Structures are given as structure tokens and as C-alpha cells.
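Working notes for the structure below.
The values are calculated or read from the model by the stated rules, or taken from the named source; none is laboratory data. These numbers were taken from a predicted model, which means no experiment stands behind them. Every residue, glycine among them, receives a Cβ derived from its backbone with ideal geometry; neighbour counts consider all protein chains shown.
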Ligand SMILES: Cc1cc2nc3c(=O)[nH]c(=O)nc-3n(C[C@H](O)[C@H](O)[C@H](O)COP(=O)(O)O)c2cc1C
């Protein structure tokens, strides 16, 4: 499968690992890159020393391209700490990428920026970024207001640079659908959390396997609990558990308690208690039933999509599809 995204990034498969604070590390990033996708390391919550160590480990594990990500609204002070390591890709999200495009290019990196609405995509393209990630609100972690199915084609129509679809993608059907919407690749977060390499507690992985598609909620409670002021209208999507059920509808109290609750969430993560920790994940949980290795997952998704594309053409023309199993 070859698109402008695979050509530009120098990768074999149009599959990107979503950078995830607390959910991506060198091992997972390297596994995805080594399988021919593009691993992206979330660096916003790492010290400059930790960024250096993670990047060194990625390079030890694979010679393939990889990227490093920053949440611009909170971690723009780490741009230099990231770019000095000259990653293949500088990935940014939630903020204005314009001040950093030239710096990224001067460091030899391609600049990939994630958006959740059309005006931000147009502004980022004008600023000179190389690839847009269009992330829909069914995605896990922090998301905007528009769904992937409507956002991706609207972004594709609005910019000339390649677009990658994110939010709600978990298998080859998602990749094929993203291509149909005009995207030239996919970025997946939640699906990669349910892999052997993902550096999250087992209870979080089990919760993803057990959850149905309607079990997630878009809420600011985890942000109020960690006293972090994400830009409007961004909020977090997480699996509902006892913690969220206790606090949903009591946002003002959560705001007042702030870090008291944040400490409880962190402590629950330490003791691996999925009923009380922050289970960031997207609606795609309902499609996730196994814990493969990240590399096997990349291969599987691409194979599924490759098999599906000719079947779709046959289906749409009324002919019986060869080997159609869906
Ligand atoms: C636990 C978690 C942490 C995340 N942290 C970041 C981050 O630090 N930077 C970023 O740009 N996106 C972050 N995201 C968003 C993902 O990169 C990606 O856009 C999203 O997971 C796509 O939706 P999906 O989960 O349905 O695949 C995070 C997502 C999750 C689930």
C-alpha cells in the first residue's frame, strides 16, 4: 500500500502509532517502526534527559524512521530538547504549529500536526506543516468535537497536503474506510494500547478488552483532577469506571478537589486498579478483542485492508466478491 504519506515519511505501511503520554515508550515506538509503520513517542511528560534516553533506545532497537510528539499548549518549552535529536518526524498537537515549522525543517524533520477542526488544518497547512492528522472525537485521549467520518473528508477538501485519519480506527476496515474518505494513512492510539509492548498497567489493557463501544465518555473530569487547563473545547475520552461514575455530573466539586483526586488516580494506576484509574481510550474499544504484538498488528491491519479493497469494488458493482468473508 503506497500513498503520499508512505513516500514522504519513508515507511512501508500507512499506519502511524498515536503518540500517547504514559502510553508510548521506546519499545512500542520501535516495534511499530520496525514493522514498517511510523512510531511516535509522546514526549510532553518526559524530562530532556528522559527524551534523550528514549530516543537513544529507539535507535538501538531499529534503524527505521520514527517521530517525537509534543502537546504545544503545555510543552512548547521542550521543542529544542526534541529537535536536537533530529527525529524523522516532529509531531505536534493542540496548539499553533506555526512558530515551530522552520525549526523542525532546519533540524531535518518533517512536521506532522494533529487537528480536530477544519480551520486549524487550513492554518497548519498555510504555516508549512508537511502532513495533517485529522483526529475525530470518537478517539481516545484528548479530542475535539467533530467525528472522524465527517472531519477527514472536510480536511481533505480544505488542504493540499496529505491527511492521516485518526480516531476510531482499529482494523483493516478502518484503514480502507480512511482511504475512501481521502486520507492517505491512519494513526491509531487505543488499538496500540492493547498490545503486548504497550507500557500501561494490565488492568487498563483488560478494561479495553472488556469494554463495549458505548462504554466511553468524553469528559473534563480527568483534566480537572490533574489541574491541567486543556484549551477549549478539548476534553478527554475514557472508559467509564467506578471513579468516573462517582464524579460525572459533579464537575465543580472535582475542580475544587483538583490534585487530591489526581493523586487518587495516580495511586490507582500504581496498584493497577482499573475501577479507579484514568482509563483513557476511544470508542474503538468495542472492536478490540486481543493483545497482539504491535508489529503483528501493523501487518494484520494492512493485510486486511488490502484484501478488502478489491472486495469493495466487487460489492459496489453487484458482483460476488472473491473470498468475501464479510
Ligand atoms: C492514553 C492516551 C494518551 C494520549 N496522549 C497524547 C499525546 O501526548 N499527544 C498527542 O498528540 N496525542 C495523544 N493522544 C491521542 C492519540 O495520539 C490519538 O490521536 C488517538 O488515540 C486516536 O484515537 P484512537 O484512540 O481511537 O485511535 C493520546 C491518546 C491516548 C489514548
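Return a yes/no flag: does region 267-284 have any residue that is loosely packed, with under 13 Cβ neighbours inside 10 Å, in a helix (DSSP H, G or I) and assigned by TED's automatic domain parsing to the domain that holds residue 209.
Here is the first cut: in region 267-284, the ones loosely packed, with under 13 Cβ neighbours inside 10 Å are 267, 270-271.
Now narrow it down to the ones that are in a helix (DSSP H, G or I): 267, 270.
After this cut, where a residue has to be assigned by TED's automatic domain parsing to the domain that holds residue 209 as well, the list is 267, 270.
Scanning region 267-284, I find at least one residue that is loosely packed, with under 13 Cβ neighbours inside 10 Å, in a helix (DSSP H, G or I) and assigned by TED's automatic domain parsing to the domain that holds residue 209, so the answer is yes.
Tell me, please, whether a residue that is in contact with a strand residue (DSSP E or B) (Cβ under 7 Å, 6 or more places away or on another chain) and within 13 Å of the ligand (Cβ to nearest atom) can be found in region 194-205. No, there is no match, as no residue in region 194-205 is in contact with a strand residue (DSSP E or B) (Cβ under 7 Å, 6 or more places away or on another chain) and within 13 Å of the ligand (Cβ to nearest atom).
Among the residues of region 211-218, is any surrounded by 19 or more Cβ atoms within 10 Å (Cβ to Cβ), assigned to a loop (DSSP other than H, G, I, E, B), in contact with a strand residue (DSSP E or B) (Cβ under 7 Å, 6 or more places away or on another chain) and outside the structural domain of residue 143 (by TED's automatic domain parsing)? Within region 211-218, one or more residues are surrounded by 19 or more Cβ atoms within 10 Å (Cβ to Cβ), assigned to a loop (DSSP other than H, G, I, E, B), in contact with a strand residue (DSSP E or B) (Cβ under 7 Å, 6 or more places away or on another chain) and outside the structural domain of residue 143 (by TED's automatic domain parsing).
Pick out, from region 120-187, the strands (runs of 3 or more DSSP E) lying fully within it that include 2 or more residues that are more than 11 Å from the ligand (Cβ to nearest atom) and surrounded by fewer than 22 Cβ atoms within 10 Å (Cβ to Cβ). Spell out how you get there, then give the answer.
On the way: elements: 131-135, 141-143, 163-166.
Because the criterion is at least 2 residues that are more than 11 Å from the ligand (Cβ to nearest atom) and surrounded by fewer than 22 Cβ atoms within 10 Å (Cβ to Cβ), no strands (runs of 3 or more DSSP E) in region 120-187 meet it.
Under the condition of being surrounded by 22 or more Cβ atoms within 10 Å (Cβ to Cβ) and either touching a residue at least 40 places away in the same chain (Cβ under 8 Å) or more than 16 Å from the ligand (Cβ to nearest atom) (or both), the residues counted in region 26-38 number 7.
Applying the selection to region 55-75, what residues are more than 19 Å from the chain's Cα centre (by Cα) and surrounded by fewer than 19 Cβ atoms within 10 Å (Cβ to Cβ)? Of everything in region 55-75, those that are more than 19 Å from the chain's Cα centre (by Cα) and surrounded by fewer than 19 Cβ atoms within 10 Å (Cβ to Cβ) turn out to be 56, 57, 59, 60, 61, 62, 63.
This table checks each residue for (1) within 15 Å of the ligand (Cβ to nearest atom); (2) part of a loop (DSSP other than H, G, I, E, B); (3) under 24 Å from residue 118 (Cα atoms).
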position	(1), (2), (3)
13	no, yes, no
41	yes, no, no
52	no, no, no
59	no, no, no
64	no, yes, no
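Residue 242 meets all of the listed conditions (1) over 17 Å from residue 20 (Cα atoms); (2) exposed (fewer than 13 other Cβ atoms within 10 Å of the Cβ); (3) in contact (Cβ under 8 Å) with a residue 12 or more places away in the chain; (4) within 20 Å of the chain's Cα centre (by Cα) but one, namely (4).
Residues that are closer than 17 Å to residue 263 by Cβ and either in contact with a strand residue (DSSP E or B) (Cβ under 7 Å, 6 or more places away or on another chain) or outside the structural domain of residue 272 (by TED's automatic domain parsing) (or both) within region 222-252 comprise 222, 223, 244, listed in sequence order. Going through (1) away from the ligand (no atom under 14 Å from the Cβ); (2) free of Cβ contacts under 8 Å to residues at least 60 places away in the same chain; (3) under 14 Å from residue 234 (Cβ atoms) one by one, residue 108 falls short only on (3).
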